[in-house]
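Novice: Starting off with a structure, shown below.
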Amino acid sequence: MTDYTTFEHDVLVIGAGGAGLRAAIEASAAGVSVGLICKSLLGKAHTVMAEGGMAAAMGNVDDRDNWRVHFSDTMRGGQYVNNWRMAELHAKEAPERVRELEAWGAVFDRTKDGKILQRNFGGHRYPRLAHVGDRTGLELIRTLQDHGIHQGIDVHMEVTVISLLKDGDRVVGVLAYEREHGRFRIFKAKAVVLATGGVGRAFKITSNSWEGTGDGHALAYHAGAELIDMEFIQFHPTGMVWPPSVRGILVTEGVRGEGGILKNSEGKRFMFDDIPPLYKDQTASDPEEGWRYTQGDKTANRPPELLTRDHVARCINREVKAGRGSPHGGVYLDIAWIKEKLPNAAEHIKKKLPSMYHQFMQLANLDITTTPMEVGPTTHYIMGGIRVDADTQASTLPGLFACGECASGINGANRLGGNSLSDLIVFGKRAGEYAAQFAQQNGHGTMDNAQIERETKRALEPFDREGGDNPFVVQHDLQDMMQAKVGIVRVEEEMQEALAGLRGLKDRAEKCSVTGNIDYNPGWHTALDLRNLLTVSEAITRSAIERKESRGGQFREDYPNKEPEFAKFNISVKEVNGEMQISHVPLPEMPAELKAVIEEMG
Amino acid sequence: MKATFSIRRGGSEGGELVDYRTEVTEGMVVLDAVHQIQAESAPDLACRWNCKAGKCGSCSAEINGKPKLMCMTRLDTIDITQPVTIEPMRAFPPIKDLATDVSWNFEVKKRIKKFKPRKPDAEDGTWRMQQSDVDRVQEFRKCIECFLCQDVCHVLRDHNKHAEFAGPRHYVYTAALEMHPLDTENRIDELKNDFGIGYCNITKCCTKVCPEHITITDNAIIPLKERVVDEHFDPLAKLVKLFRKK
Ligand SMILES: Cc1cc2nc3c(=O)[nH]c(=O)nc-3n(C[C@H](O)[C@H](O)[C@H](O)COP(=O)(O)OP(=O)(O)OC[C@H]3O[C@@H](n4cnc5c(N)ncnc54)[C@H](O)[C@@H]3O)c2cc1C
Ligand code: SF4
Ligand code: SF4
Ligand code: FES
């Protein structure tokens, strides 16, 4: 028998981004014992990178804003395949959750009358994003971290979960290893909350960190939970494209919110050429009106640069394909031009977008106050994830909850910028609350020792093999393939090739070998992450093949239109006898009063 | 063009510099070189990183002896005709290769009293603050907890005063709390007694290495030192302060 250290908690939260931290705080406040596990150090999770802000209809800047507008913006952005109840709860509860952060010490930028300032973002009708310059994620994670450390939560840093342990159908704990010495740990828990973030590392060009390997998605899937909407990946329109080493790093939408415009190599502002009918009434009719909108003119409509991300990303893709791209395969994002409009433009840009200024200066030798940036789409966010109950965040397995990016439902086919950070705190809180309740109503389950033995043995196999691939090489090959075949523009034939390719990669992953000892060994960690990446890549590809239409984050060249019959269900994947099974989950009927809200908002 | 990187390899017991040669291309940063070396020849080379954009503070190391973020150090800003040394932070115990045990920082922070806001200003439970009142605190809150300032501070690095001295990062943290317009807590006594602010002799080395350009010494440490002096030696100043309620 392998040696394990065993820990016991009432509620175990996996992931210390915004969602996991908020869940842990809530569960702990309910009086149960809480453990919190994360792969990195505390405060380093992906959430720290978020820039632009968190969406909450507080109406501090424009008092016409309220939850009903936010709700209908979210549903429209998601092309109406969102879970309406999640969108409703999110819109209603986000303001309270944001104010709570202030009570915990967050220091948001202020309005003239001393309230929390809100900024414009794509797809939001009114200025709605509470923010701190362009480092809102840092403010969020630090506030939760600094509050959480005084709540009696047991934090296990640099610990990676490799399987969920079950007692019958119910999830009763997890198996994990600690990074420093590679020792295995068992965590017993009455309820487990997954808050593991996204899957960006399945693609070559991404804004995500090494942590974004879809662990929670894969753990839940292999435990028998359902995943939905996996075909919907958000390609953010503006990632850096040059120099090569920074390709994919995010350029916040805040640049466009502050007046930045997109131009092709001919100097043309191409976004005015293609405005989707759903947004025609809400879009500026000329550049002048667009500029007024970014400066807070309430009578103006938003410039087309602030259309939803899926659309802007595709327009950029089109310009590049048509040969009107910038030298390194992107287009130009120009904020420097605002000097025509503002006296102190350079200072203003540095104040509003300090980390963007810094990032380009330091990584690309480029001064954004004088020179346009080169930008192109980057894999950013997954709308799909673990299927959960809207109110409780319970997954389809007893004892297992999920929140944040690894859960699904609120965003539908496309997420609006800023809706993730607010999602984390709204549903993080709910997950923590209901997980604590579950833990109070149920005792500990029994662990299956055979399962534990099997999983640890499997985890150690890469050390026993010789002559297999270097796990980093397999990971790169997977990323290249997903980027090329299941990326921003999809066709059936290429996706079938991807499925075949995935089979080959799986074979290589199962044979890859690692060198060195087990202490803090990134090669080994990557070998274990590979399984998760392969699982989510397959789920993405199969779901994308199944959805024979284009909607939000999914664009099919062979089915370029939106099809009404695909608006009636979500695509779900589930493991049945070791195989990935696809099915359709009908969307619940929206109550009449919410339908009325959507109609009223136009 | 190829360059040589001398990277510290070894566990907590000790290590040595090992040379790796790898191709250098336009725009590369030190972290790219490390990743390339992992993929080519040393998959077990330990290093921390997350954001690759100077936002998370994970990738701190000493590059040619200087404390820096690996992800923000471009190779065209250093001399790569000579071997580039990459070593872990020296003020913390090594774990393996470039990873160090920074857990002490998390323990210190826990001991600093948490934020305690005054009663809300408005009926709906919210507060009013002017931007000009929060500018200073926002500067401190830019901290990404890279611990480079801790690494460079001689009180920790050379004198190992970890038990008595909290280090610049935690003075920045305390300053952010103390100067928060809503905060009502008092952390001055322990700054002197438990967190050893008196050891700081204002060399400003911490300010120089801060990747977030926080003016640690002038804006955080010196004002805190002044408060310590006020509280401990000037009963009048203390009284006035009580009335001002920060
Ligand atoms: C550059 C960038 C900018 C962004 N800007 C914005 C913005 O302005 N507004 C907005 O709303 N959204 C933004 N987003 C999106 C948003 O930041 C993310 O969707 C969100 O932070 C995800 O939070 P999370 O809590 O779900 O997970 P994360 O913050 O990703 O945290 C995941 C946690 O799970 C842990 N974990 C993962 N797997 C395991 C495992 N196997 N075992 C143990 N622990 C594990 C990780 O260590 C980590 O602690 C941005 C994203 C990026 C990349
Ligand atoms: S100024 Fe003080 S805290 Fe900063 S490095 Fe010098 S002695 Fe250390
Ligand atoms: S104050 Fe600066 S150097 Fe110190 S930990 Fe924070 S960001 Fe790093
Ligand atoms: S990797 Fe985040 S600061 Fe370097």
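Novice: Tell me, yes or no, whether the stretch A:462-479 has at least one residue that is more than 14 Å from chain B (Cβ to nearest Cβ), buried (at least 21 other Cβ atoms within 10 Å of the Cβ) and either touching a Leu at 6+ places or on another chain (Cβ under 6 Å) or in a helix (DSSP H, G or I) (or both).
Specialist: Within the stretch A:462-479, none of the residues are more than 14 Å from chain B (Cβ to nearest Cβ), buried (at least 21 other Cβ atoms within 10 Å of the Cβ) and either touching a Leu at 6+ places or on another chain (Cβ under 6 Å) or in a helix (DSSP H, G or I) (or both).
Novice: Those residues that are modelled with pLDDT under 95, assigned to a loop (DSSP other than H, G, I, E, B) and touching a strand residue (DSSP E or B) at 6+ places or on another chain (Cβ under 9 Å), I need them from the stretch A:304-324; list them, please.
Specialist: Passing the criteria: only A:307.
Novice: Among the residues of the stretch B:84-96, are any facing chain A (nearest Cβ under 8 Å), without any contact (Cβ under 8 Å) to a residue 60 or more places away in the chain and under 30 Å from residue A:107 (Cβ atoms)?
Specialist: Scanning the stretch B:84-96 turns up no residue that is facing chain A (nearest Cβ under 8 Å), without any contact (Cβ under 8 Å) to a residue 60 or more places away in the chain and under 30 Å from residue A:107 (Cβ atoms).
Novice: Pull up the stretch B:166-190, narrow it to residues that are more than 28 Å from residue A:110 (Cβ to Cβ) and over 14 Å from the mean Cα position of the chain (by Cα), then point me to the one that is farthest from ligand 4 (Cβ to nearest atom). Write out each step before concluding.
Specialist: Of the residues in the stretch B:166-190, the ones more than 28 Å from residue A:110 (Cβ to Cβ) are B:166-167, B:189-190.
If we keep only those that are over 14 Å from the mean Cα position of the chain (by Cα) too, we end up with B:189-190.
Details: B:189: 34, B:190: 30 Å.
For the stretch B:166-190, the residue satisfying everything is B:189.
Novice: Kindly indicate whether residue A:249 is within 16 Å of ligand 1 (Cβ to nearest atom) and touching a His at 6+ places or on another chain (Cβ under 9 Å).
Specialist: Answer is no for this residue.
Novice: Select, from A:428, A:432, A:417, the only residue that is under 30 Å from residue A:49 (Cβ atoms) and at pLDDT below 95. I'd like the intermediate steps shown before the answer.
Specialist: Values: A:428 fails: at pLDDT below 95; A:432 fails: at pLDDT below 95.
Among A:428, A:432, A:417, only A:417 is under 30 Å from residue A:49 (Cβ atoms) and at pLDDT below 95.
Novice: Under the condition of being away from chain A (no Cβ under 14 Å) and buried (at least 20 other Cβ atoms within 10 Å of the Cβ), which residue from the stretch B:197-210 is nearest to ligand 4 (Cβ to nearest atom)?
Specialist: B:209
Novice: Out of the stretch B:219-228, which residues are near ligand 2 (Cβ under 10 Å from one of its atoms), touching a helix residue (DSSP H, G or I) at 6+ places or on another chain (Cβ under 7 Å) and not basic (Lys, Arg)? Write out each step before concluding.
Specialist: As a first pass, look at the stretch B:219-228 and keep what is near ligand 2 (Cβ under 10 Å from one of its atoms): B:220-222, B:225.
Retained after the next criterion (residues that are touching a helix residue (DSSP H, G or I) at 6+ places or on another chain (Cβ under 7 Å)): B:220-221, B:225.
Hits for the stretch B:219-228 are B:220, B:221.
Novice: List pairs: first in the stretch B:45-69 and not assigned by TED's automatic domain parsing to the domain that holds residue B:205, second within 12 Å of ligand 3 (Cβ to nearest atom) and of a type in the set (D, E, K, R), Cβ under 8 Å, 6+ apart or cross-chain?
Specialist: Qualifying pairs under 8 Å: B:55/A:135; B:57/B:145; B:60/B:68; B:60/B:151; B:61/B:68; B:62/B:68; B:62/B:151; B:67/B:151.
Novice: Still on this structure, I have one more. Find the residue count for the stretch B:21-44, including only residues that are at the interface with chain A (Cβ under 7 Å from one of its Cβ atoms) and surrounded by 24 or more Cβ atoms within 10 Å (Cβ to Cβ). First the steps, then the outcome.
Specialist: Taking the stretch B:21-44 as the starting set, the residues that turn out to be at the interface with chain A (Cβ under 7 Å from one of its Cβ atoms) are B:25-29, B:32, B:38-39, B:43-44.
Filter again for surrounded by 24 or more Cβ atoms within 10 Å (Cβ to Cβ), leaving B:29, B:43.
Matching residues across the stretch B:21-44 total 2.
Novice: Here is a further query. Please work out if residue B:9 is surrounded by 18 or more Cβ atoms within 10 Å (Cβ to Cβ) and within 8 Å of chain A (Cβ to nearest Cβ).
Specialist: Values: surrounded by 18 or more Cβ atoms within 10 Å (Cβ to Cβ): yes; within 8 Å of chain A (Cβ to nearest Cβ): no.
Criteria not met by residue B:9.
Novice: Got a number for residues in the stretch B:97-127 being surrounded by 13 or more Cβ atoms within 10 Å (Cβ to Cβ), without any contact (Cβ under 8 Å) to a residue 12 or more places away in the chain and of a type in the set (A, V, I, L, M, F, W, C)?
Specialist: Residues in the stretch B:97-127 being surrounded by 13 or more Cβ atoms within 10 Å (Cβ to Cβ), without any contact (Cβ under 8 Å) to a residue 12 or more places away in the chain and of a type in the set (A, V, I, L, M, F, W, C): 1 in total.
Novice: If you take the residues in the stretch B:128-165 that are within 19 Å of residue A:109 (Cβ to Cβ) and charged (D, E, K, R), which one is nearest to the other protein chains (Cβ to nearest Cβ)?
Specialist: B:128
Novice: Step by step: first the residues of the stretch B:50-84, then only those that are more than 10 Å from ligand 4 (Cβ to nearest atom) and assigned to a loop (DSSP other than H, G, I, E, B), then the one that is nearest to residue B:5 (Cα to Cα). Which residue is that?
Specialist: B:83
Novice: When you look at residue B:213, is it modelled with pLDDT of 95 or more, within 11 Å of ligand 3 (Cβ to nearest atom), surrounded by fewer than 16 Cβ atoms within 10 Å (Cβ to Cβ) and assigned to a loop (DSSP other than H, G, I, E, B), yes or no?
Specialist: It is true that residue B:213 is modelled with pLDDT of 95 or more, within 11 Å of ligand 3 (Cβ to nearest atom), surrounded by fewer than 16 Cβ atoms within 10 Å (Cβ to Cβ) and assigned to a loop (DSSP other than H, G, I, E, B).
Novice: Scan the stretch B:92-144 for residues that are assigned to a loop (DSSP other than H, G, I, E, B), hydrophobic (A, V, I, L, M, F, W, C) and modelled with pLDDT of 95 or more and jot them down.
Specialist: Going through the stretch B:92-144, the residues assigned to a loop (DSSP other than H, G, I, E, B) turn out to be B:92-93, B:97-98, B:101-102, B:111-116, B:118-130, B:141-144.
Going one step further and asking which of them are hydrophobic (A, V, I, L, M, F, W, C), we end up with B:92, B:98, B:102, B:112, B:115, B:122, B:127, B:129, B:143-144.
Answer for the stretch B:92-144, where residues must be assigned to a loop (DSSP other than H, G, I, E, B), hydrophobic (A, V, I, L, M, F, W, C) and modelled with pLDDT of 95 or more: B:92, B:98, B:102, B:112, B:115, B:127, B:129, B:143, B:144.
Novice: In the stretch A:125-157, how many residues are charged (D, E, K, R) and more than 9 Å from every other protein chain (Cβ to nearest Cβ)?
Specialist: Going through the stretch A:125-157 one residue at a time, the tally reaches 4.
Novice: Moving to a separate point now. Would it be correct to say that residue B:47 is touching a Gly at 6+ places or on another chain (Cβ under 7 Å), at pLDDT 95 or above, within 16 Å of ligand 4 (Cβ to nearest atom) and outside any strand (DSSP E or B)?
Specialist: no
Novice: For the stretch A:369-390, indicate whether the set of residues that are in contact (Cβ under 8 Å) with a residue 12 or more places away in the chain, touching a Phe, Trp or Tyr at 6+ places or on another chain (Cβ under 8 Å), surrounded by 19 or more Cβ atoms within 10 Å (Cβ to Cβ) and of a type in the set (Lys, Arg) is non-empty.
Specialist: Within the stretch A:369-390, not a single residue is in contact (Cβ under 8 Å) with a residue 12 or more places away in the chain, touching a Phe, Trp or Tyr at 6+ places or on another chain (Cβ under 8 Å), surrounded by 19 or more Cβ atoms within 10 Å (Cβ to Cβ) and of a type in the set (Lys, Arg).
Novice: If you don't mind, there's one more thing I want to ask. Quick check: is even one residue across the stretch A:489-496 outside any helix (DSSP H, G or I), modelled with pLDDT under 95 and of a type in the set (Val, Ile, Thr)?
Specialist: Scanning the stretch A:489-496, I find at least one residue that is outside any helix (DSSP H, G or I), modelled with pLDDT under 95 and of a type in the set (Val, Ile, Thr), so the answer is yes.
Novice: What do you reckon, is residue A:445 modelled with pLDDT under 95 and either out of contact with any strand residue (DSSP E or B) (no Cβ under 9 Å at 6 or more places or on another chain) or surrounded by fewer than 24 Cβ atoms within 10 Å (Cβ to Cβ) (or both)?
Specialist: When the stated conditions are applied, residue A:445 does not pass them.
Novice: While we're here: Filter the stretch B:24-57 down to residues that are among the acidic types (Asp, Glu) and closer than 23 Å to residue A:514 by Cα and give me whichever is nearest to ligand 2 (Cβ to nearest atom).
Specialist: Only one residue tops the list, namely B:32.
The values are calculated or read from the model by the stated rules, or taken from the named source; none is laboratory data. Bear in mind the structure is a predicted one, so any value in this text is a computation, not a measurement. Positions of Cβ are generated from backbone atoms using ideal geometry, with glycine treated the same way; all protein chains shown enter the neighbour counts.
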